[in-house]
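Below: the structure, in structure tokens.
The numbers here are math on the coordinates, done by the rules we state, and not lab data. Quick caveat, the model's predicted, so the values are computed rather than measured. For neighbour counting, all protein chains shown are included, and Cβ atoms are generated from backbone atoms with ideal geometry for every residue, glycine included.
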Amino acid sequence: MRVHFIAIGGSAMHNLALALHHKGDHVTGSDDTIFEPSKSRLEKYGLLPEEFGWFTEKISTDLDAVILGMHAKEDNPELIKAQELGLKIYSYPEYLYEQSKNKTRVVIGGSHGKTTITSMILHVMHYHEKEVDYMVGAQLDGFDTMVHLTDENGFIVLEGDEYLSSPIDRRPKFHLYQPNIALISGIAWDHINVFPTWENYLSQFEQFVELMKNGSILVYNEDDAAVAALAEAATKPTRKHSYTVPDHQIINGTTYLDTPEGAMPIEIFGKHNLSNLAGAKWMCQHMGIDEDDFYEAIATFKGASKRLEKIAENSDAVIFKDFAHSPSKVAATTAAVATQYEGRKIIACLELHTYSSLNPEFLEQYKNALDPATVAVVFYSPNAVAIKKLAPISKEQILKAFDRDDLIVMTDPTAFKEWLFQQQLERSALLLMSSGNYGGLDFEEVKKLVN
């Protein structure tokens with residue numbers, strides 16, 4: 001196959017490009033800018049464009065497929081040329097479905113936890129040398145790429161993102177996968193620039209379930225009221241299996257999971273992660289892994305990249321980095337650290353970085369999210385607010401939204417870094433939550449706080 005990527009440099013797009021290259025397809029691509037690590041990874045396999053920009057001469061009738069990334073615009077010259085030539089133009093998820101339509105599609109959906117659950121499933125499969133195709137939203141230990149495609153594997157495990165598919169395909173990505181086995185971990189309003197109301201957002205998950213294949217299996221989190229109501233009302237899945245937080249105990253900072261063979265220490269912690277584990281167990285069992293084999297493998301799972309990732313630790317302090325930015329994720333992550341390190345000072349730092357989190361109308365969703373922390377900081381960049389063309393946010397709005405009188409609100413990256421490095425971390429756990437980097441914070445430097 002000859003496949004061309006418009007906007008090849010994106011995290012998902014370049015991983016799909018690499019997967020197709022490894023599969024033996026002839027891959028080309030364009031982009032107006034490409035950052036690390038995409039740049040080096042594409043260059044390693046000879047897929048990095050010779051120069052940045054859009055070049056209509058790359059588009060010809062010799063191409064079997066054109067894959068369009070979200071970074072491109074509707075007026076992209078390469079896209080227009082492809083449309084004029086009548087070429088088949090796919091969105092990223094649409095092409096994944098095309099590559100897996102004869103496989104058993106295992107799709108993990110939800111507002112939170114889907115990357116971790118997908119990672120857990122892949123970890124278990126990899127541990128037991130079970131070959132599956134996959135697409136996951138984080139780089140995993142032991143896996144070269146975030147996408148893997150073959151002709152021979154019978155299963156494909158897909159992280160089911162509810163965001164839009166492409167500039168010309170406004171369907172949520174997970175509507176395109178038509179799962180045979182699906183999981184919904186939780187539903188908490190997000191992406192308000194696309195889904196302006198809770199009802200509109202919820203309806204995307206209802207459609208996801210209705211688009212499942214006949215004879216399908218739905219696994220769902222019974223502790224989430226919205227998920228439970230949706231699952232119980234669904235008529236498409238033939239079988240439904242609910243899960244909840246498994247029995248466990250915390251001893252000296254280590255979580256022990258209750259199993260048929262007794263208490264088993266695990267690397268991860270927090271009720272949300274234990275819930276994720278319970279969901280992953282059901283999915284693995286539906287893929288042919290028995291319970292004992294699941295427990296054996298999951299004991300060595302250390303977590304997905306940037307999901308409660310321990311970046312530094314000594315006998316007296318620990319530092320975590322987490323991708324959490326939505327209200328439900330922030331609340332769950334902060335509570336998890338506070339519970340795991342009971343008796344320590346918990347310093348929780350949150351950067352408001354996404355469109356939703358910087359929207360004044362959405363801020364109230366964060367009420368009490370940082371309450372389990374001893375010290376709580378919210379950082380945001382007024383410049384980022386301006387770039388996203390949102391109404392300015394004041395310190396008073398932040399304080400009111402989080403409903404915490406001693407909340408520290410900061411907007412200057414230099415001042416935040418100085419404050420952070422002045423903190424005494426004796427008997428402490430530092431939690432840095434962001435999908436950004438606090439205006440340029442070097443996490444390698446942060447590690448030195450406990451070294």
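Rounded to the nearest 20 debye, what is the charge dipole size of the chain about its Cα centre when +1 sits on each Lys and Arg Cβ and -1 on each Asp and Glu Cβ? List each step's numbers first, then the result.
Numbers: 41 positive and 63 negative charges, 86 e Å.
Computed about the Cα centre, the dipole is about 420 debye.
What FRET efficiency comes out for ASN451 versus TYR355 if R0 is 45 angstrom and r is the Cβ-Cβ distance? Round to the nearest 0.05. Write out the running numbers ahead of the final one.
Numbers: r = 36 Å, r/R0 = 0.80.
Efficiency, rounded to the nearest 0.05: 0.80.
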query = Under a plain spin-label model, where a point goes 7 Å from the Cα along Cα-to-Cβ, how far apart in nm are LYS73 and PHE35?
reply = 1.9
request  = Please report how far the C-alpha centroid of the range 417-437 lies from that of the range 36-99, rounded to the nearest whole angstrom.
outcome  = 40
key: Rounded D (µm²/s) - the chain, Kirkwood Rh over Cα pairs, Stokes-Einstein at 25 °C, 0.890 mPa s   = 106
key: Residue (of VAL106, ILE89, ILE121) at the positive-pole extreme of the chain, dipole from beta-carbon charges   = ILE89
inquiry  = What FRET efficiency comes out for ASP141 versus ASP223 if R0 is 35 angstrom and r is the Cβ-Cβ distance? Round to the nearest 0.05.
reply    = 0.75
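Can you compute the FRET efficiency between ASN102 and GLU50 using 1/(1 + (r/R0)^6), with r the Cβ-Cβ distance and R0 = 51 Å? Round to the nearest 0.05. Walk me through the intermediate numbers first.
Working: r = 36 Å, r/R0 = 0.70.
Efficiency computed from Cβ-Cβ geometry: 0.90.
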message = Is there a quick way to get the dipole size of the range 95-298? I mean about its Cα centre, with the Cβ of Lys and Arg at +1 and of Asp and Glu at -1; what is the value in debye to the nearest 20?
response = 740
note = Between VAL194 and SER11, the two model label points (7 Å from Cα along the beta-carbon direction) sit apart by a distance in nm of 1.4
request  = For the chain, build the charge dipole from Cβ charges (+1 Lys, Arg; -1 Asp, Glu) around the Cα centre, then report which of THR414, VAL132, GLN285 sits farthest towards its positive end.
outcome  = THR414
query = Between HIS248 and residues 5 or more places away or on another chain, which pairs have amide H atoms under 5 Å apart, with H built 1.01 Å from N, and which residues are they?
reply = ASP258
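For the range 278-397, what is the charge dipole size about the Cα centre, in debye to the nearest 20, if Lys and Arg each add +1 at the Cβ and Asp and Glu each add -1 at the Cβ?
Here the range 278-397 has a charge dipole of around 620 debye.
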note = With the dipole of the chain defined by +1 on each Lys or Arg Cβ and -1 on each Asp or Glu Cβ, the option from LEU16, PRO49, ALA369 whose Cα lies farthest towards the positive pole is ALA369
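Considering all projection directions equally, how large on average is the shadow of the alpha-carbon convex hull of the range 2-87, in square nanometres?
Computed as one quarter of the Cα hull surface, the answer is 5.0 nm².
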ask   = For the pair LYS395 and ARG170, how long in nm is the line joining their label points, each one 7 Å along Cα→Cβ?
value = 4.1
task = Take the alpha carbon atoms of the range 111-155, find their center, do the same for the range 378-416, and report the distance between the two centers in whole angstrom.
result = 37
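Counting other beta carbons within 10 Å of each Cβ, put LEU449, LEU16 in order, fewest first.
Values: LEU449 17, LEU16 26.
Ascending number of Cβ neighbours within 10 Å: LEU449, LEU16.
Taking 0.36 nm per residue of separation and subtracting the Cα-Cα distance, what length does fully extending ASN214 through GLU267 add?
Taking ASN214 through GLU267 to full extension adds about 15.3 nm, to one decimal.
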request  = Sum up the charges of everything whose Cβ sits under 10 Å from the Cβ of VAL124, counting Lys and Arg as +1 and Asp and Glu as -1, but leave VAL124 out.
outcome  = 0
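Quick one: work out Rg over Rh on the C-alpha atoms of the range 95-298, Rh as Kirkwood radius.
Numbers: Rg = 16.6 Å, Rh = 17.4 Å.
So for the range 95-298, dividing Rg by the Kirkwood Rh gives 0.96.
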